[in-house]
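What follows draws every value from the coordinates through simple rules; no lab data is involved. Just so it is clear, the structure is predicted and the values come from calculations on it, not from any experiment. Please note: Cβ atoms are built from the backbone with ideal geometry, for glycine as well, and neighbour counts cover all protein chains shown.
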Amino acid sequence: MSRRTLALTGAASAIAYVCGVIVTGSLGSQRLLLLDGLAPPPSYHYVQTPPGMAPSKRPYAGTFTVRLGRGKSRVYAFSTKDQQVYILLGPGAVPPRPGQQRLEIHVQPLAPSGFPEPGGNLAVDGNVYRVVARYLPGGDLLARFARPGMTLHLVYPVEASKPGARHVMLYAHDRSRWQPVGGHDLGVQQQVSLRTTRLGYYAVGGPPLARPGASPVAYAEAALAALVVAVLAVLIFLEGRTRRRRKRAG
């Protein structure tokens, strides 16, 4: 490869990077990390696939064990196999109970159709997850975690990503009413995190799911890829024409 070709390729890369910054910058909080590449995020696993979308894999449930000693419970971290739910327990989050050796935490994915609409221009984006915990061997339910409690991370689907959209955690003690409880929206990772002591039903609340293919992240990826191909094609054409001119002149 000639020095001229190398220079043109470098210029093309620089142009593509700058244009990529412009394209992804327009996505606001949903912008792509250019250094992480253009690989699409993993497909979301739905309990109930939204209308118009291809069926997805079934989401995973999870059962996690916390060993109880004489003192405070230790720090624990768990995730479901599809990595759509993460749980982090702080030190001493499990209240001790005489005669109990461990606590089992159960995470069960559910369809949002069995719950009321959240209201407030919110919709359930993704699955609902029920989080319960039982002492063993007694089997008594844990009512609440002790402080610092658990940090819960729920992933939401890419179809819920929109420019400027914010997501919150929804909580329900039963199936009668959703309560927005805040949380931190990590738009790049497409997940909401919340520190809480309560067990029950959790879901991500945000804008209604976009139609298939309407994700701004997908549009940005397609636009950036097309831009790179177009720039390289033009530069290769110009390089070829320059070589032909040199041959005629020689």
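Here the range 62-206 is assigned +1 on the Cβ of each Lys and Arg and -1 on the Cβ of each Asp and Glu. Its dipole about the Cα centre then comes out at about 720 debye.
Please work out, to two decimal places, the log10 of the ratio I(q)/I(0) at q = 0.13, 0.14, 0.17 Å⁻¹ from a Debye calculation in which every Cα of the range 62-206 carries one identical scatterer. Debye curve over Cα of the range 62-206, log10 I(q)/I(0) at q = 0.13, 0.14, 0.17 Å⁻¹: -0.56, -0.64, -0.91.
By count of other Cβ within 10 Å, fewest leading, how are THR196, THR63 ordered? Before the final figure, lay out the partial values.
On the way: THR196 19, THR63 11.
With the fewest neighbours first, THR196, THR63 line up as THR63, THR196.
Karplus-based coupling profile of the range 70-83, in residue order and whole Hz: 6, x, 6, 5, 7, 6, 10, 9, 9, 8, 6, 5, 8, 6, with θ = phi - 60° in 6.51 cos²θ - 1.76 cosθ + 1.60 and x standing for Gly or Pro.
Can you sort GLU159, GLU104, GLU117 by how many other beta carbons sit within 10 Å, fewest first? All intermediate terms of the calculation are to be shown ahead of the outcome.
Details: GLU159 22, GLU104 15, GLU117 10.
By the 10 Å Cβ count, ascending: GLU117, GLU104, GLU159.
Taking amide hydrogens as placed 1.01 Å from N in the peptide plane, the amide H of LEU142 sits under 5 Å from those of ALA133, ARG134, TYR135, each at least 5 positions away in sequence or on another chain. Think of the range 62-206 as having a plus end and a minus end, set by charges on the Cβ of Lys, Arg, Asp and Glu; of ALA143, PRO180, ASN127, ALA143 sits farthest toward the positive end of this dipole.
Tell me whether the range 73-112 comes out rounded, prolate or oblate; compute the Cα gyration tensor, take square roots of the eigenvalues as a ≥ b ≥ c, and use a/c under 1.5 as the rounded threshold.
Values: a/c = 2.95, a/b = 1.82, b/c = 1.62.
Judged from the Cα gyration tensor, the range 73-112 comes out prolate (a/c at least 1.5, a/b above b/c).
Per-residue 3J(HN,Hα) values for the range 93-103, derived from phi via the Karplus relation 6.51 cos²θ - 1.76 cosθ + 1.60 with θ = phi - 60°, read 6, 9, x, x, 9, x, x, 9, 9, 7, 10 Hz in sequence order (x marks Gly and Pro).
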